[in-house]
Amino acid sequence: MEQKYAVPALDRANAVLHLLAAEPLKWKLSDLSRQLGISKSTMFSLLASLERLEWIIRDRNDTYALGPVMGSLGSAYFRQYDVIEEFRRLAEPVMRKLMESVQLAQLEGSEVLYLSKIEAPSPVQMVSGPGARFPAHATGLGKALMSGMSDEQVRQIWTEEKLPQVTAHTIASRETLLRELEQIRRQGYATDIQEGVMGFCCVAAPVRRRGSEAMVAVSCSMPLHHWEQKRSEAAQAILHLAEQMSQTR
């Protein structure tokens, strides 16, 4: 997201937390102030707020360490990746039925981050393994995830009307993207027809938490020459996979 949306207080808190994570119970208020270039008065208020929220703790020597809330948040972060094991179990039959690769991804800003992939036994593969990132508006996965957002939330991600082109088929404008997201909401799934990679198409659907919020999305990708033959079957299979995973969230 653009720098103009930065919140300085959060940036300062982030710097403190990283320092305490690296070297707990070493830093006092004056040390943190000097190390991070933050005035003592500002640092005092910042540490008091973080301590009140239990993001940090202070010991008898007035040094600081991460607090219990950070442990809870860390545990919650890793629990979300239980979804990867669930995906691999449920997506394997889908891949075998379609004989096409099936992916799992989440949205990070204006990009999708691929979390897992069940790869079909095909010599022709799209590069979309775990850790890969791709512009969200150029993927079925990204569009499926953004379909759970309001138009205003999408405009906050894409602040410019013109969108970056990945291929000649990529959605070129924010308003066109918003219109397509409305269609995706109605039909329940998104498609990507050579928008991210020439020669490849995909169909994707969101996995929803408690029936509403999209946390991750699943997709099936295939070479263009398989698309017309398998499009309908793939859409049904991916919708069913997303529904199965949504029921367990």
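The values are calculated or read from the model by the stated rules, or taken from the named source; none is laboratory data. Every value quoted in this text rests on a predicted model; they were computed, and no experiment measured them. Note: ideal-geometry Cβ built from the backbone for every residue, glycine included; neighbour counts use all protein chains shown.
Here are Thr176, Thr191: which of them is modelled with pLDDT of 95 or more, of a type in the set (S, T, N, Q) and surrounded by 15 or more Cβ atoms within 10 Å (Cβ to Cβ)?
Unique residue meeting the criteria: Thr191.
Report, by residue number, each residue of the range 199-216 that is surrounded by fewer than 18 Cβ atoms within 10 Å (Cβ to Cβ) and within 23 Å of Met95 (Cβ to Cβ).
Taking the range 199-216 first, the residues surrounded by fewer than 18 Cβ atoms within 10 Å (Cβ to Cβ) are 199, 209-213.
Passing the criteria: only Gly199.
List every residue pair whose Cβ atoms lie under 9 Å apart, where the two residues are 6 or more positions apart in sequence or sit on different chains, the first residue falls within the range 210-228 and is under 24 Å from Ser122 (Cβ atoms), and the second residue, located anywhere, is at pLDDT below 90 and hydroxyl-bearing (Ser, Thr, Tyr).
Short answer, once both residue conditions are applied: Ser219/Ser128; Ser221/Ser128; Met222/Ser122; Pro223/Ser122.
Is it true that some residue in the range 67-77 is surrounded by 18 or more Cβ atoms within 10 Å (Cβ to Cβ), at pLDDT below 95 and not assigned by TED's automatic domain parsing to the domain that holds Ile238?
Yes.
Looking only at the range 57-73, filter to residues that are farther than 14 Å from Asp31 by Cβ and of a type in the set (A, V, I, L, M); which one of those is farthest from the chain's Cα centre (by Cα)?
Among those that are farther than 14 Å from Asp31 by Cβ and of a type in the set (A, V, I, L, M), it is Ile57.
Could you check, for the range 78-95, whether at least one of its residues is assigned to a helix (DSSP H, G or I), farther than 26 Å from Met149 by Cβ, under 20 Å from the mean Cα position of the chain (by Cα) and without any contact (Cβ under 8 Å) to a residue 24 or more places away in the chain?
yes
Surrounded by 13 or more Cβ atoms within 10 Å (Cβ to Cβ), within 19 Å of Ala105 (Cβ to Cβ) and assigned by TED's automatic domain parsing to the domain that holds Leu239: which single residue out of Gly140, Gly131 fits that description? Don't jump to the end; show me each part of the working.
On the way: Gly131 fails: surrounded by 13 or more Cβ atoms within 10 Å (Cβ to Cβ).
Exactly one residue qualifies, and that residue is Gly140.
Please verify whether Pro223 is under 30 Å from Pro93 (Cβ atoms), surrounded by fewer than 24 Cβ atoms within 10 Å (Cβ to Cβ) and not aromatic (Phe, Trp, Tyr), treating the condition exactly as stated.
Considered against the rule, which asks whether it is under 30 Å from Pro93 (Cβ atoms), surrounded by fewer than 24 Cβ atoms within 10 Å (Cβ to Cβ) and not aromatic (Phe, Trp, Tyr), Pro223 comes out as yes.
Can you tell me which residue within the range 31-58, out of those that are among the basic types (Lys, Arg) and in a helix (DSSP H, G or I), is surrounded by the fewest Cβ atoms within 10 Å (Cβ to Cβ)?
Ranking the qualifying residues of the range 31-58, first place goes to Arg52.
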